[in-house]
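The structure appears right after this line, and notes come after that.
The values are calculated or read from the model by the stated rules, or taken from the named source; none is laboratory data. None of these values were measured; they are calculated from a predicted model. Cβ: placed from backbone, ideal geometry, glycine included. Neighbour counts: every protein chain shown.
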Amino acid sequence: MIKRLFSFVLLTGLGFVFYYALTNITASRELTGVSAEYAERGAAELGAANLVTAIVVTYRGLDTLGEVSVLFLAATGIAVLLRRKKGYVQARSEDKRGSSEILKTGTDFLVPIIVMFGVYIFMNGHLTPGGGFQGGAVVASAVMLQFLSNPSYRLNHTVFGFIESMSGFFYVSIGILGIVLAGGFLDNRILPLGNFGSILSAGAIPVIYTLIGLKVGTELAGILDNMRRDA
């Protein structure tokens, strides 16, 4: 009874807070402060047609580094918590029923398309909505499809680990080069800005997003692999 009463009071209080917040919102009709500076100077300074990308990758590059680090720690934590004895997954997967030929054929057809779409998303993040995190998630979904259609499918952890490590290393290296050669960490002007709106524009942003996409994709794939149930 006390738990129910406490839950009711808590939910009522939260409802009141949300109601008060929603009824007292005053919409701003113009940008001010830092946001106005980003909008006015972003395209000219960084050469990225997608202003969100310019802010996330360059102006707030340290925040993006923090997000990548959090994902890495999450992947590492899951791997430690869900680690299994060597040979256990293989032994258990042999007892599982194989998938139908139609499902396997469909997966073989769709996986390359999904991976290509994910690569397109993070390579064009400086031009259109998208970026490294979104593209990496799409690439990881191709791995998940493999897991669902083929219970015995196993990741090549050597290759995935190498890609993840090299992506993180070069990502941080580009960030440091921004400090040395340009105006700050992850400053994309270490490379020529190119023609505004073209694929080879926005300096190092396409390279940065490609590295983020590869790192996020491999880390999410590792998380999925560790969370697979063998029962």
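State yes or no: is Gly15 under 31 Å from the mean Cα position of the chain (by Cα), modelled with pLDDT of 85 or more and surrounded by 10 or more Cβ atoms within 10 Å (Cβ to Cβ)?
In short, no.
So if I check each of Ala21, Ala43, Ala54, Ala39, which one is farther than 18 Å from Leu186 by Cβ and touching a residue at least 12 places away in the same chain (Cβ under 8 Å)?
Ala39
Taking segment 147-163, which residues are over 12 Å from Arg228 (Cα atoms) and either at pLDDT 90 or above or surrounded by fewer than 17 Cβ atoms within 10 Å (Cβ to Cβ) (or both)?
Matches in segment 147-163: Asn156, His157, Thr158, Val159, Gly161, Phe162, Ile163.
Could you please find all residues in segment 107-139 being touching a residue at least 12 places away in the same chain (Cβ under 8 Å), more than 14 Å from Leu211 (Cα to Cα) and of a type in the set (Val, Ile, Thr)?
If the condition is that a residue be touching a residue at least 12 places away in the same chain (Cβ under 8 Å), more than 14 Å from Leu211 (Cα to Cα) and of a type in the set (Val, Ile, Thr), then Thr107, Val111, Ile114, Val115, Thr128, Val138 are the ones that fit.
For residues in segment 18-46 being closer than 30 Å to Ser201 by Cβ, hydroxyl-bearing (Ser, Thr, Tyr) and modelled with pLDDT under 85, which is nearest to the chain's Cα centre (by Cα)?
The extreme case among them is Ser35.
For segment 19-36, how many residues meet the condition of being surrounded by 10 or more Cβ atoms within 10 Å (Cβ to Cβ), of a type in the set (A, V, I, L, M, F, W, C) and in a helix (DSSP H, G or I)?
Summing the residues that are surrounded by 10 or more Cβ atoms within 10 Å (Cβ to Cβ), of a type in the set (A, V, I, L, M, F, W, C) and in a helix (DSSP H, G or I) in segment 19-36 gives 2.
Based on this model, can you work out whether Pro192 counts as part of a loop (DSSP other than H, G, I, E, B) and either under 21 Å from Gly136 (Cβ atoms) or not polar (S, T, N, Q) (or both)?
Taking the combined requirement at face value, the residue satisfies it.
Kindly establish whether Leu73 is surrounded by fewer than 14 Cβ atoms within 10 Å (Cβ to Cβ) and either modelled with pLDDT under 90 or in contact with a Pro (Cβ under 7 Å, 6 or more places away or on another chain) (or both).
Taking the combined requirement at face value, the residue satisfies it.
Please work out which residue is surrounded by the fewest Cβ atoms within 10 Å (Cβ to Cβ), limiting yourself to segment 164-188 and to residues that are over 23 Å from the mean Cα position of the chain (by Cα) and assigned to a helix (DSSP H, G or I).
Selected residue: Val180.
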